[in-house]
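Colleague: This is the structure I want to talk about, given as structure tokens.
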Amino acid sequence: MDLLRAVAFLLAAGSALAAALSLGGAVSDKLDLFAQAAPAWLVTSLIALLALALTGAGRVGLALAAFAMLVSFALVAPDLIAGLSLRHTVAGRQTLKLVQLNVWDRNRNPAATEAWLRAQRADILVLEEFGDASVPAALADTYPYSTGCAPGCATVILSRTPLSAGGTIAWPGLGPRHTGAWASFGNGPDAFVVAGAHYRWPIPAGPQREQAQRFVAALARFDRKSLIIAGDFNLNPWSFGLRRQDKALGVPRITHVLFTWPAGPISHWRLNLPFPILAVDQIYAGSDWKVVSVSRGPLLGSDHYPVVAVLTR
């Protein structure tokens, strides 16, 4: 019992320290790494709190566990509430189905990935790590229009209907693996722009924030009301980094508490989790659009799950 109490106290103290450091993410990209893992601190603090309560621990351990739990919940709760309050509607005069997926340059089953993407008959695909992936070019028969210099760039936008314009968003020094793309569709009141991006990891701290700032600046010329943004941002909703991006974009994010990574075994990390633990794939939609549905797709050959959104206006 004493050993269990000691382990629980250490877990409570570690969770409290991590939770406290998470709050520093508001001013430090390095400390924001702790905020990225806020759900983990919520779980560990809850376990510690229960173990300490069962073993009759003192007030200090219980206070540390309670502090960690409250701080972690405070970080996670806004996105959880936003997801629960997201209103869904029925399809209107202009309906759009969009699929976002990091297809992964080590894709384990490119044939299954291609088959699923084709079967979706989505209007638009926003794909990351596409240039180096082994997903066959046969997608062109279903999605004949593209931008983002496909093939050859990491982020591409594929469409079943013609584009009126489009281009690539590149960041010097990041290489072709981390790029963005944009495409405009339609004319007059039905016109809209779709943009996509693949952000680098938040480690080391600093470059990802610069990339995010440049991405926001690149989208400044587009109408926010009809703009749709999708991508692998390598940022979780409870991080201060994604909160800054949400505010800077000025476009509502419609993905909330939607965990998408990892999908299946990550062999080079010797990691094989039965469920995803990071919510790093996001979709934004301007106020002209209403949400019909947002869902996570199935396990394919990528290390990310796809995100499927149906929008209407």
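Colleague: Enter the accessible area of ARG214 (Å², nearest 10), with the probe set to 1.4 Å and all protein chains included.
Modeller: Counting only protein heavy atoms, the figure is 100 Å².
Colleague: Taking the alpha-carbon centroid of each part, what is the distance from region 206-265 to region 56-121 in angstrom?
Modeller: Using only Cα atoms, the two centres lie 13 Å from each other.
Colleague: Kindly state, to the nearest 0.05, the FRET efficiency for THR142 paired with ASN109, given R0 = 22 Å and r defined as their beta-carbon distance.
Modeller: Values: r = 18 Å, r/R0 = 0.83.
The value I calculate is 0.75.
Colleague: Can you give the net charge of the other residues whose Cβ lies under 11 Å from the Cβ of ARG200, counting K and R as +1 and D and E as -1? Display every interim value, and only then the final one.
Modeller: Numbers: positive: ARG177, ARG209; negative: GLU210, ASP232.
Local charge sum for ARG200: 0.
Colleague: Something else about it: Kirkwood hydrodynamic radius, region 97-236, all distinct C-alpha pairs: what's the number in Å? Walk me through the numbers on the way to the answer.
Modeller: Numbers: mean 1/r = 0.0658 Å⁻¹.
Its Kirkwood hydrodynamic radius stands at 15.2 Å.
Colleague: Given a cut-off of under 8 Å on Cα pairs at least six residues apart, what relative contact order in percent is computed for the chain?
Modeller: Rounded, it is 18 percent for the chain.
Colleague: So, one more: In what order, largest first, do ARG121, ARG108, ARG59, ARG221 sit by accessible area if the probe radius is 1.4 Å?
Modeller: ARG59, ARG221, ARG121, ARG108
Colleague: Now a separate question. Using only Cα atoms and rounding to the nearest 10 degrees, what angle (0 to 90) does helix 207-218 make with the longest principal axis of the chain?
Modeller: 40 degrees
Colleague: Of all beta bridges DSSP finds with both residues in the chain, what is the antiparallel percent, to the nearest 5?
Modeller: Details: 38 of 48 bridges.
The antiparallel proportion sits near 80 percent.
Colleague: Using only Cα atoms, tell me the angle between helix 110-120 and the longest principal axis of the chain; keep it within 0 to 90° and round to the nearest 10.
Modeller: 70 degrees
Colleague: Check the straight Cα-Cα distances from LYS225 and name the lysines below 20 Å, setting aside those fewer than 8 residues away within the same chain.
Modeller: Correct list for LYS225: LYS97, LYS247, LYS290.
Colleague: With a 1.4 Å probe and every protein chain left in place, work out the accessible area per residue of the chain in Å², rounded to a whole number.
Modeller: Working: 13850 Å² over 313 residues.
Accessible area per residue: 44 Å².
Colleague: Pop a pseudo-label 7 angstrom from the Cα along the beta-carbon direction at both THR95 and LYS225 and give the gap in nm to one decimal.
Modeller: With each label point 7 Å from Cα toward Cβ, the separation is 2.4 nm.
The values are calculated or read from the model by the stated rules, or taken from the named source; none is laboratory data. All of these numbers come straight from a predicted model, not from anything done at the bench. Glycine gets a Cβ as well: all are built from the backbone with ideal geometry, and neighbour counts include every protein chain shown. With ligands, DNA and RNA removed, areas are computed over all heavy atoms of the protein, side chains included. Shrake-Rupley method; radii C 1.70, N 1.55, O 1.52, S 1.80 Å.
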